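Colleague: What follows is a structure written as structure tokens; I'll ask about it next.
Computed from the coordinates by the stated procedures, all read-outs in this text should not be read as laboratory data. The structure displayed is predicted, hence computed values, not measured ones. Heads up, the Cβs are rebuilt from the backbone with ideal geometry, glycines too, and the neighbour counts pull from every protein chain shown.
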Amino acid sequence: MRLTAKVKLLPTPEQDDALHRTLEAANAACNYISERAWQEQTFRQFSLHKLVYYDVREHFGLSAQMTVRCIAKVADAYKLDHRTKRSFRKRGAIAYDSRILRWKQDQQEVSIWTMQGRQAIPFASGEHQRELLERQKGESDLALVDGEFYLLATCEAETPAPIEVKQALGVDLGIVNIATDSNGEIHSGRQVNGLRKRHVRLRARLQSKGTKSARRLLKKRKRKEHRFSRNVNHVISKRIVEKAKGTTRAIALEDLKGIRERITVRKSQRRQHHSWAFHDLRLKIEYKAALVGVPVILVDPRNTSRTCPVCGCVEKRNRPNQSTFSCVQCAFSGHADTIAAVNIGRRAVVNQPHVSAEMPKGCLSLPTAASLEVRDKPPTGSRG
């Protein structure tokens with residue numbers, strides 16, 4: 001499995017200027033290569049190399065290997081289609097390989113090629129990133145984010161063989177409740193949704209004010225909401241994977257791909273619906289589960305919150321509101337998200353239990369309302 005270690009570079013003012021110049025020169029070269037590729041309708045890397053290599057080296061002053069990386073970047077950009085000419089931002093990220101970037105972990109620095117020659121630049125990283133860098137393999141991207149330079153290094157992580165399981169921990173993903181598992185534990189989205197609403201109001205007020213101090217504050221708070229949401233997903237995904245591993249179960253998730261195109265919401269709910277980070281949470285669950293050998297199974301999400309787990313009745317009226325499930329046929333009731341999670345877990349089981357009027361012996365038991373654990377705040381613990 002490939003993971004990415006993100007480390008922050010700590011350059012001196014002179015090194016910072018050299019890195020800026022390198023990004024600008026490399027992306028200018030990419031735009032030149034893209035223009036030539038478009039004119040000649042030549043998009044394969046080998047053909048582009050023969051077409052532009054010497055011209056790029058002469059006009060932009062790049063090293064041999066940096067020229068090769070720029071040609072590869074343009075060729076990769078045209079792999080999707082050849083209908084649109086590609087252009088590159090002035091300071092977009094560029095890829096480095098082992099010929100022009102060397103990691104020196106014992107000294108906490110990198111030796112990196114710039115327009116002013118090789119530079120030894122220290123970097124800052126956490127313990128998790130240092131562990132990943134021990135298995136660094138492949139390219140590393142140099143990126144400029146909010147005026148700071150970062151290296152995004154590709155690392156190989158060993159994954160054990162999947163454990164043998166007989167049942168699955170169902171997980172229902174939502175907006176009001178970010179995640180609910182079939183054990184009855186609920187990870188509330190109240191804090192995240194409240195923060196998003198607050199940021200929307202604050203951004204609108206600062207943008208309408210338009211003063212220098214307002215713009216400064218907007219810049220300071222940039223991406224704060226995104227970072228908070230990602231951290232919450234890290235903590236929730238880690239807890240779900242630990243629970244599944246501790247009980248020797250697989251993890252069952254809804255396959256929500258394309259859900260934004262399939263359903264419609266009121267105008268007042270559009271912002272909340274489109275800021276729903278379900279895909280980010282799913283990816284975090286999948287890679288954390290793979291690292292400990294827990295299988296992840298995707299199931300069809302249709303009618304998971306409308307199906308009675310006791311009698312099998314599927315009816316829209318079974319869910320009178322967001323949080324309540326009440327079967328119109330057998331009168332079974334409970335928390336709607338928990339019941340949806342139970343149904344998701346059952347769908348992941350190869351030999352599904354027979355559905356009858358009584359709860360089948362050996363099936364996943366439904367938690368009572370008193371046992372439901374609601375988390376308004378993210379669980380404590382380290383991310384990653």
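Colleague: Compute the separation of the alpha-carbon centres of region 3-28 and region 299-331 and state it in Å as a whole number.
Modeller: Between the Cα centres of region 3-28 and region 299-331 lies a distance of 54 Å.
Colleague: Got a sec to turn the phi values of region 302-307 into Karplus ³J(HN,Hα) couplings, 6.51 cos²θ - 1.76 cosθ + 1.60 with θ = phi - 60°, whole Hz, x for Gly and Pro?
Modeller: After applying 6.51 cos²θ - 1.76 cosθ + 1.60, I find 4, 6, 5, 9, 10, 9 Hz.
Colleague: Separate question: Roughly speaking, what is the stretch gain from residue 21 to residue 330, that is 0.36 nm per residue apart minus the C-alpha to C-alpha distance, in nm to one decimal?
Modeller: 104.2 nm
Colleague: List every residue whose amide H lies under 5 Å from the amide H of residue 297, counting only residues 5 or more places away in sequence or on a different chain, with H placed 1.01 Å from N in the peptide plane.
Modeller: Under 5 Å from the amide H of residue 297 lie the amide H atoms of 251, 252, 253, each far enough along the sequence or on another chain.
Colleague: Could you work out how far the C-alpha centroid of region 179-214 sits from that of region 101-155, in angstrom?
Modeller: Taking the Cα centre of each part, region 179-214 and region 101-155 sit 33 Å apart.
Colleague: Exceeding 19 Å between C-alpha atoms, which entries from my cross-link table qualify? They are 6/257; 104/284; 219/284; 6/104; 8/288; 85/257.
Modeller: With Cα atoms farther than 19 Å apart: 6/257; 104/284; 219/284; 8/288; 85/257.
Colleague: Give the peptides 175-186, 7-18 in descending order of average Cβ contacts within 10 Å, highest first.
Modeller: Top of the packing list down: 175-186, 7-18.
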